[in-house]
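Asks: Dumping the structure here so I can ask a few things about it.
The values are calculated or read from the model by the stated rules, or taken from the named source; none is laboratory data. Here the structure is a predicted model, which is why all the values come from computation and not from measurement. Here the Cβ is made from the backbone with ideal geometry for all residues, glycine too, and neighbour counts use every protein chain on show.
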Amino acid sequence: MEKLELAIAEIKAQLPGTELLENVPMAEHCSFKIGGPVRAMAFPENVESLTEICRILKKHGHAPYMLGNATNILFPDEGLKKVFIINSTKLDEMYLTEDGAISAQAGISLAKLASFAYQHSLEGLEFASGIPGSIGGGLMMNAGAYGGELKDVVESVTAYSLKEQRIVELPNAECRFAYRSSLFQQEGGYVVLGAKFRLNKGDQAAIAAKSRELNEKRRDKQPLDLPSAGSAFKRPVGGFAAALIDEAGLKGFAVGGAQVSEKHAGFVVNRGGASAKDVRELMAHVKKTVFEKTGIELTPEMIMLSPELSLEEN
Ligand SMILES: Cc1cc2nc3c(=O)[nH]c(=O)nc-3n(C[C@H](O)[C@H](O)[C@H](O)COP(=O)(O)OP(=O)(O)OC[C@H]3O[C@@H](n4cnc5c(N)ncnc54)[C@H](O)[C@@H]3O)c2cc1C
């Protein structure tokens, strides 16, 4: 039996209570509604089960691919035959610490985190209330909107180091947060388990008003009625991706079921039946056209996984 199959058999035997899906069509589990089957996806309900799965995978020479709400990922049409996904969305504890910070596990959605902050009259997370991801994915990507980023409100991150097989707590300064990037993304090898958020006391009505205003803006400008993975490209130096794509005449440009949104040129939407191949071809065309017209190179913001992805360790 292959190493991954041995690991799956052991995980099933050791953790019979943990939800485990096999040969899961990722189109049914991600915001883009695109992607073939992944070999297995587990939903551990606590840190102990999660780290035990990591330990078993490591014993068999594998590492997990971590997933949150899957709102920033393009899964390949061919699927991921050699990948074991750990989905962190069932890690959902959240509480106010004695010194007034919010402690929240990786699976909590950013909307729920922002709502919890509002309930306790804590300001600074209004920007996050409309981002559809989880804390785990959000910290990985240093998610942000309307001038705010998670890095502005994170005090520390708790993570499991796959290499050292132990839990570490990293203060904000060690997380190397940058625009849509973090230590966890730059180095890999970490499972984000949760974080502590430090916010200031504010006026509850003002917090609600700001969240409402930003969410209305989002609904006005973004194609929230169609599946997507959020902004397709990062903001390049010297411009805004959406404006550059629009000025290049690409709004509405389509390849198969994938289309540059007619509402917001920074989004690639699945207007029905799009394949990962359609999205890749469309993005390559957009990148080439914008570069020819402006000399500016666009780089993808969404994570585009290759069917060759294998997290086998030597
Ligand atoms: C309509 C729409 C609007 C969006 N608007 C915004 C926006 O305004 N601002 C913004 O920044 N983003 C936006 N996004 C993108 C996305 O929601 C964010 O990047 C979000 O933070 C991703 O979280 P997730 O839980 O969905 O992560 P996923 O897509 O599940 O994963 C993203 C990355 O994080 C890793 N990951 C996930 N969980 C963990 C974990 N526990 N430990 C280690 N690694 C992990 C994954 O391996 C992957 O590399 C939008 C997306 C959509 C569909």
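Asks: Please go through the stretch 189-211 and pick out each residue that is over 19 Å from residue 150 (Cα atoms) and within 16 Å of the ligand (Cβ to nearest atom).
Replies: Across the stretch 189-211, the qualifying residue is only 189.
Asks: Can you confirm whether the stretch 72-92 contains a residue that is more than 17 Å from residue 303 (Cβ to Cβ), aliphatic (A, V, I, L, M) and free of Cβ contacts under 8 Å to residues at least 24 places away in the same chain?
Replies: The answer is no; no qualifying residue exists.
Rundown of residues vs (1) farther than 23 Å from residue 70 by Cα; (2) touching a Cys at 6+ places or on another chain (Cβ under 6 Å); (3) in contact (Cβ under 8 Å) with a residue 12 or more places away in the chain; (4) in the same structural domain as residue 64 (by TED's automatic domain parsing), yes/no style:
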position: 102; (1), (2), (3), (4): yes, no, yes, no
position: 148; (1), (2), (3), (4): no, no, yes, no
position: 155; (1), (2), (3), (4): yes, no, yes, no
position: 175; (1), (2), (3), (4): no, no, yes, no
position: 188; (1), (2), (3), (4): no, no, no, no
position: 191; (1), (2), (3), (4): no, no, yes, no
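Asks: Cβ-Cβ distance below 7 Å, separation of 6 or more or different chains: which pairs start in the stretch 56-67 with a residue that is under 7 Å from residue 7 (Cβ atoms) and end on one that is assigned to a loop (DSSP other than H, G, I, E, B)?
Replies: Once the first residue is under 7 Å from residue 7 (Cβ atoms) and sits in the stretch 56-67, its partners that are assigned to a loop (DSSP other than H, G, I, E, B) give 57/63; 57/64; 62/311; 62/313.
Asks: Restricting the search to the stretch 17-52, which residues are over 18 Å from residue 304 (Cα atoms), part of a loop (DSSP other than H, G, I, E, B) and either modelled with pLDDT of 95 or more or within 16 Å of the ligand (Cβ to nearest atom) (or both)?
Replies: Passing the criteria: 18, 44, 45, 46.
Asks: I've got another one for you. Does the stretch 164-181 contain any residue that is in a strand (DSSP E or B), among the small types (Gly, Ala, Ser), within 13 Å of the ligand (Cβ to nearest atom) and under 14 Å from the mean Cα position of the chain (by Cα)?
Replies: yes
Asks: Taking the stated definitions as given, is residue 4 within 18 Å of the chain's Cα centre (by Cα) and either within 11 Å of the ligand (Cβ to nearest atom) or surrounded by fewer than 22 Cβ atoms within 10 Å (Cβ to Cβ) (or both)?
Replies: Judged against the criteria, residue 4 is not a match.
Asks: Is there a residue being more than 12 Å from the ligand (Cβ to nearest atom), among the β-branched types (Val, Ile, Thr) and surrounded by 18 or more Cβ atoms within 10 Å (Cβ to Cβ) anywhere in the stretch 80-102?
Replies: Among the residues of the stretch 80-102, at least one is more than 12 Å from the ligand (Cβ to nearest atom), among the β-branched types (Val, Ile, Thr) and surrounded by 18 or more Cβ atoms within 10 Å (Cβ to Cβ), which makes the answer yes.
Asks: Would you confirm whether any residue within the stretch 196-211 is at pLDDT below 95 and under 21 Å from the mean Cα position of the chain (by Cα)?
Replies: No: zero hits.
Asks: Looking at (1) within 14 Å of the ligand (Cβ to nearest atom); (2) surrounded by fewer than 22 Cβ atoms within 10 Å (Cβ to Cβ); (3) not aromatic (Phe, Trp, Tyr), which is the only condition residue 131 fails?
Replies: (2)
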